[in-house]
1. Which order do peptides 402-412, 96-106 fall in by mean Cβ count within 10 Å, highest first?
2. According to the square roots a ≥ b ≥ c of the eigenvalues of the Cα gyration tensor, what is the shape class of the range 247-444, taking rounded for a/c under 1.5, prolate for a/b larger than b/c otherwise, and oblate for the remainder?
3. Name the residues whose placed amide hydrogens come within less than 5 Å of the amide hydrogen of Leu266, ignoring near sequence neighbours (fewer than 5 apart) on the same chain.
4. Rounded to the nearest 20 Debye, what is the dipole magnitude of the range 247-444 about its Cα centre when Lys and Arg each give +1 and Asp and Glu each give -1 at the C-beta?
5. Can you report the principal axis dimensions of the range 98-160 using only the alpha carbons, biggest first, rounded to whole angstrom?
6. Suppose R0 equals 60 Å; then what is the FRET efficiency for Lys449 and Trp6 from their Cβ-Cβ distance, rounded to the nearest 0.05?
7. Across the range 115-131, in residue order, what do the Karplus-derived ³J(HN,Hα) couplings come to in whole Hz, using 6.51 cos²θ - 1.76 cosθ + 1.60 with θ = phi - 60° and x for Gly and Pro?
8. Starting from the Cα gyration tensor of the range 349-416, take the square roots of the eigenvalues, sort them a ≥ b ≥ c, and report rounded, prolate or oblate (rounded when a/c is under 1.5, otherwise prolate if a/b is larger than b/c, else oblate).
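The values are calculated or read from the model by the stated rules, or taken from the named source; none is laboratory data. Not measured: the values here are computed from a predicted model. Don't worry about glycine lacking a Cβ; one is built from the backbone with ideal geometry, like all the others, and counts go over all protein chains shown. Each accessible area value is taken on the protein alone, full model and side chains, heavy atoms only, with ligands, DNA and RNA left out. Shrake-Rupley method; radii C 1.70, N 1.55, O 1.52, S 1.80 Å.
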Amino acid sequence: PPDGGWGWVVVFGAFISIGFAYAFPKGLAIFFKEIQDFFGTSYSEIAWVSSIMLATTYGAGPISSILVNRYGSRPVVMFGGLLCGIGMVSAAFCTSILQLYICVGFITGFGLALNLQPSVIIIGKYFLKRRPIANGLAMAGSPVMLCTLAPLNQFLFDNFGWRGSFLILGAILLNCCVAGALFRPIGAATASGKTQAIAEGKTALKEDITKDAMEMSSAMNIPTETKTEEEEGRDCCEKINQYLDFSLFKHRGFLIYLIGNVLMFLGFFAPIVFLAPYAKHIGIDEYSAAFLLSILAIVDMIARPATGIIANSKWVRPRIQYFFSFSIAFNGTCHLLCPLASGYTGLVVYSIFFGLAFGMVCAMLFETLMDLVGAARFTSAVGLVTIAECCTILLGPPIGGTLIDTFGDYKYMFIKCGAVMVLAGTFLFIMNYYNYRILAKEEKERKAKEDPKSLRTENEVRNNWNKETTQDGPELEPLREEQEGLKKEVNGT
């Protein structure tokens with residue numbers, strides 16, 4: 001990877017598309033109180049709008065990964081931006097809450113999924129050494145967008161109502177198409193002439209071998225065209241595995257990450273969805289309630305790049321999984337303490353700490369996964385992780401809304417989310433400690449098996465070479481010089 005150059009333009013494009021993918025479902029919370037009154041629905045029913053959108057964004061991960069593997073990041077992101085615009089414009093004409101679920105939840109959510117995955121994937125192709133910093137900068141798009149969208153949505157609602165606001169937001173989301181246009185492909189298109197010549201030589205060799213095999217099979221009268229059902233099934237599995245690597249479910253680190261994240265997302269999004277409605281519930285005016293999201297976003301904006309720089313340091317990067325576990329537990333602790341905040345000042349303090357913890361988790365969410373599985377298997381890993389996470393993402397906000405409807409108080413929702421996230425952080429910390437110990441043990445055993453053999457072989461070769469050179473007389477001096485020259489050429493090559 002170039003680790004710079006056009007890569008920074010790609011980071012800017014990812015900054016926009018990731019920003020919309022993460023911030024847009026949260027920014028819509030500004031309209032929830034008014035849409036709830038308009039349609040006469042409960043808290044849990046209106047929470048399904050954001051919940052379905054977030055679940056679709058994550059659940060469509062494998063589809064997005066397959067499309068990226070097939071067509072590349074650029075066309076997928078541009079098509080996703082178009083879908084987002086169509087979904088929000090259609091939502092402006094909805095006459096029931098069910099239609100909002102379809103237009104905002106499914107159509108716009110699927111468009112955001114086509115923005116999120118390719119943006120994360122292409123950063124891994126452009127960066128290696130500076131990847132944590134690049135991921136941190138790209139992830140900073142979410143708080144920047146949220147900081148802008150929260151007051152903007154309130155302004156749009158006051159001047160145009162929620163229907164007019166949805167029309168304008170649909171037009172704004174079309175900027176994802178512009179961001180996608182910046183994702184210039186890297187890899188095959190930039191191959192050198194030598195690489196192409198080697199590839200052509202390999203193709204020609206394959207054709208010769210195939211031709212010989214065909215001649216042999218025809219001579220022996222073996223039908224090559226007919227395939228058994230087992231072979232066809234194997235071919236089908238190979239085609240699926242080409243796009244989604246299911247062997248990751250045998251990867252110990254991947255399974256630990258998956259279980260911890262699935263548990264974490266049960267309480268990750270509900271507090272941010274209900275923060276503005278909670279502020280309005282306790283008597284805070286609309287603009288001050290929207291400003292709480294802006295405070296959270298400003299702190300989040302600073303936290304993400306800072307976390308990327310810390311995670312890239314030589315002290316943290318070798319054990320980045322521990323840092324990720326601490327961030328999740330810290331996030332949960334903030335939610336557990338939120339019910340103690342009484343009044344606007346307390347909610348401002350909560351928003352500052354919540355923004356810090358939220359930014360830390362988001363900055364390392366994909367970096368830790370890439371650290372576990374590597375860049376080559378990352379595309380498949382993202383797709384498999386997101387489809388597993390979509391269930392808890394779907395259920396998180398509605399469960400929070402049900403608790404609010406049942407008890408008539410928001411504090412039980414915050415306590416539930418905090419407890420779940422502390423549990424997830426503790427689980428990841430313990431299991432990653434176990435995983436690191438097993439990996440160290442396996443590495444030690446591997447070195448113990450390989451090193452003596454390799455050292456013995458090298459010593460034998462060196463001794464034989466010295467023996468031959470001492471036994472040979474002066475008549476072989478020209479041949480020895482020629483051998484030395486050839487040896488230098490080989491080492492140079």
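1. Working: 402-412: 15.6, 96-106: 18.4.
Ranked from most to least packed, the peptides come out as 96-106, 402-412.
2. Values: a/c = 2.32, a/b = 1.79, b/c = 1.29.
Taking the square roots of the gyration eigenvalues as a ≥ b ≥ c, the range 247-444 is prolate.
3. Residues meeting the criterion, in which the H sits 1.01 Å from N, do not exist here.
4. Details: 13 positive and 10 negative charges, 165 e Å.
Around 800 debye, computed over the range 247-444.
5. 47, 26, 11 Å, listed from the longest principal axis down.
6. Values: r = 44 Å, r/R0 = 0.73.
Efficiency computed from Cβ-Cβ geometry: 0.85.
7. Karplus values, whole Hz, x for Gly and Pro: 8, 6, 4, x, 5, 5, 5, 5, 5, x, 7, 8, 9, 10, 5, 9, 4.
8. Numbers: a/c = 5.27, a/b = 1.76, b/c = 3.00.
Oblate, because a/c is 1.5 or more while a/b does not exceed b/c.
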